[in-house]
Amino acid sequence: ACERLVGVDRFSNWPVLVKRLPQLGGLEDAQVERIVSLRPDVVLLASSARVITRLESLGLKVLALEPKSHADTHRVLGVLATALGDAPAGEALWQRIDARITAAHDRLPAAWRGQRVYFEVGAGPYAAGETSFIGETLARLGLGNVVPASLGAFPKLNPEFVLRADPDLVMAPRADLARMPNRPGWRGMRALRLGRQCGFDAEHFDMLVRPGPRMGEAAEAVAECLLHLSPTAP
C-alpha cells in the first residue's frame, strides 16, 4: 500500500519509491508539525517512540507497531493489513515470507545443521542472540548461535566471550568484518582464520536487521553466503 504513504522517517529506504516522500525525523525527533500538516489518517510508529502521546493529543490516530520476533512480525502484518482494510493480505504476506525461509533452509546441505554462528549487529561488540528475530531466522536455517537466550536479544558482549565461544561462523557488516582481526586476540579466531565468514554490504545488512516483509529475502541472503563456503572446516 505504498501509494497511500504521505511521509516516512529518515530510515525508511525500501521500496525505492519511498525515498521520494517527505522525511519526518525519527524515534527521538519526529517532526510533529509537519506530520500534522500532512493530515494522515493514521500514523504508524514504534511503541517506543516518545511522540505517541503528543500526536494523540493533537487528534491523530496512532498505530504502534514494534515487532521483535517472527511471531510479532506475523501478528503485526495482520494488524496493519486490517488497518488498511485488507485483512487477508497480512496473512498472505506472512505465508510468502515463511515459504522463502523454508526454501532457504532446504537449499543448505545437511552438514550446516548445528553450525554455531556469531552474528554481530554492531561494533561494541553487539550481537544477535538466540531470542532475537535474527536468531530465530538462523535457527530456522538449522544453524546454532553462540549467544544464548539468557543474555537477551541483542546484548553487548565482552570480546573475550566471543573468543571463548569459538564460533564456527562469523556474520557481520562487511566493513566491521574486515576490522575484526585487529581486535586483541581475534586474529587467531578459528572462523576468521579459516575464512568461515559472511560479510554483508550495507544494503543487504540493512535488510537482515529489520523484522518485516523482507525477512524471507534475508534468510536467502544468509543461505547464499553459506552455499559459497565449505560446511566443514579445512
Long-range amide H partners of Gln115 with built H, under 5 Å: Gly144
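For a quick protection proxy, order the peptides 40-49, 8-17 by their average other-Cβ count within 10 Å, most packed first.
Details: 40-49: 15.1, 8-17: 12.5.
Top to bottom by mean Cβ count within 10 Å: 40-49, 8-17.
Using Cα pairs under 8 angstrom and six or more residues apart, how large is the relative contact order of the stretch 14-71, in percent?
Details: 49 pairs, mean separation 17.7, N = 58.
Computed value for the stretch 14-71: 30 percent relative contact order.
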³J(HN,Hα), Karplus 6.51/-1.76/1.60, whole Hz, each residue of the stretch 155-170, x for Gly, Pro: x, 7, 9, 6, x, 5, 4, 5, 4, 5, 5, 6, x, 6, 9, 10
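By the scheme Lys and Arg +1, Asp and Glu -1, what is the net charge of all other residues having a beta-carbon under 11 Å from that of Leu27?
On the way: positive: Arg10, Arg50; negative: Asp9, Glu28, Asp29, Glu66.
Here the count lands on -2.
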Residue with peak Gaussian network fluctuation, the chain [Cα springs, cutoff 10 Å], from Lys19, Lys68, Lys156: Lys19
Amide proton proximity set for Val121, modelled H, under 5 Å, gap of 5+: Tyr126, Ala127, Ala128
Accessible area in the full protein assembly, largest first, 1.4 Å probe, for Tyr118, Tyr126: Tyr126, Tyr118
Under 5 Å, built H, 5+ apart or other chain: amide partners of Gln197: Val170
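Lys and Arg at +1, Asp and Glu at -1: add these up for the other residues within a Cβ distance under 13 Å of Met207 and post the number. Walk me through the intermediate numbers first.
Values: positive: Arg100, Arg210, Arg214; negative: Asp201, Glu203, Asp206, Glu217, Glu220, Glu224.
Once positives and negatives cancel, what remains is -3.
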Rounded accessible area of Ser230 (nearest 10 Å², 1.4 Å probe): 60 Å²
Positive-end residue, the chain charge dipole about Cα centroid, Cβ charges, pick of Asn13, Leu108, Val43: Leu108
Contact order normalised by residue count of the stretch 46-152, Cα under 8 Å, 6+ apart, percent: 20 percent
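The values are calculated or read from the model by the stated rules, or taken from the named source; none is laboratory data. These figures come from a predicted structure and were not determined experimentally. Here the Cβ is made from the backbone with ideal geometry for all residues, glycine too, and neighbour counts use every protein chain on show. The area values use the complete protein model at the heavy-atom level, side chains included, leaving out ligands, DNA and RNA. Shrake-Rupley method; radii C 1.70, N 1.55, O 1.52, S 1.80 Å.
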